[in-house]
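Written out below as structure tokens is the structure these notes cover.
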Amino acid sequence: MPTPDFVVELRKHVGRAELWMPGVTAVIRRDDEVLLVRRSDNGAWAPVTGIVDPGEEPAVCAAREAREEAGVEIQVDRLASTSVMRDVVHANGDRAAYLDLAFACTWLSGDARPCDDECTEVGWFRHDRIPSMKQVLRERIDAALSDEVAARFSRSDGRRGARDRD
């Protein structure tokens with residue numbers, strides 16, 4: 001996956017130390033299907049994801065990533081979930097923690113296809129035929145496909161997917 005220029009600049013100052021990074025997941029629906037990309041770094045299927053640029057609105061980032069990775073135009077409908085991925089160590093040794101904002105999105109136009117080197121394949125999958133993937137990604141998809149109005153979030157006490165009603 002290409003590293004954003006601002007991260008390359010930060011790494012000049014902090015080396016491989018853990019960075020706190022804002023990220024997005026775009027769960028893109030078309031009728032009863034979800035768009036997934038096969039990641040080039042690990043070969044796994046996943047929704048479209050990306051890192052938010054400094055000053056960029058997260059929903060704008062989700063739409064940009066959908067264009068850049070899969071060549072589709074989308075409408076970002078709502079925030080579906082928030083979660084944190086801790087203790088990520090990339091292949092080059094860089095460490096990060098990611099705050100992810102997952103959005104429920106609707107496909108508007110474009111023939112889905114790999115548009116950059118971040119994915120090798122794209123496909124539309126019915127919800128009941130989604131390929132196996134990391135549980136955290138599946139939870140983001142489930143949250144986006146739900147009829148819930150409030151966003152789900154993962155809690156530091158280990159309860160996943162709970163909405164705060166305290």
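Where a number appears in this text, it was derived from the coordinates with a stated rule and is not lab data. As the structure is a prediction and not an experimental result, all values here were calculated from the model. With ideal geometry, Cβ positions are generated from the backbone for all residues, glycine too; neighbour counts draw on all protein chains shown.
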Determine, for each peptide in 82-91, 64-73, the mean count of other beta carbons within 10 angstrom over its residues, then list the peptides with the highest first.
64-73, 82-91
Taking Cα pairs closer than 8 Å and at least 6 residues apart, the relative contact order of the chain in percent is 28
Output the antiparallel fraction of DSSP beta bridges having both residues in the chain, as a percent to the nearest 5.
70
Using amide H atoms built in the peptide plane, which far-off residues or other-chain residues are under 5 Å from Ala44 H to H?
Arg39
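Please order Cys105, Cys61 by the number of other Cβ within 10 Å, starting at the fewest.
Ranking Cys105, Cys61 by Cβ neighbours within 10 Å, fewest first, gives Cys61, Cys105.
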Would you compute the Debye intensity of the chain from its alpha-carbon atoms alone, equal scatterers and no solvent, and pass along log10 I(q)/I(0) at q = 0.13, 0.16 Å⁻¹ to two decimals?
-0.61, -0.94
Using only the Cα atoms of segment 44-84, build the gyration tensor, take square roots of its eigenvalues as a ≥ b ≥ c, and label the shape rounded, prolate or oblate: rounded if a/c is under 1.5, else prolate if a/b is larger than b/c, else oblate.
rounded
J(HN,Hα) series, segment 116-126, from Karplus relation 6.51 cos²θ - 1.76 cosθ + 1.60, nearest Hz, glycine and proline x:
8, 8, 7, 9, 9, 7, 10, x, 9, 10, 5
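So, with +1 on the Cβ of K and R and -1 on the Cβ of D and E, and no other charges, what is the size of the charge dipole of the chain about its Cα centre, to the nearest 20 debye?
560
In what order do Leu36, Leu101, Leu19 fall by count of nearby beta-carbon atoms within 10 Å, going from fewest to most?
Listed from fewest to most nearby Cβ atoms, that is Leu19, Leu101, Leu36.
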Within-14-Å neighbourhood charge of Gly55 [Cβ basis; K, R +1; D, E -1]:
-3
May I ask for the net charge around Ala44, where only other residues with Cβ less than 10 Å from the Cβ of Ala44 are counted and Lys, Arg are +1 while Asp, Glu are -1?
+2
Check Glu57: other-chain or 5+ apart residues with amide H under 5 Å from its amide H, H built from backbone geometry?
none
Hey, can you grab everything whose amide H is under 5 Å from the amide H of Gly23? Only 5+ residues off in sequence or another chain; H modelled, so Pro and N-termini drop out.
Val52, Leu99, Asp100, Leu101
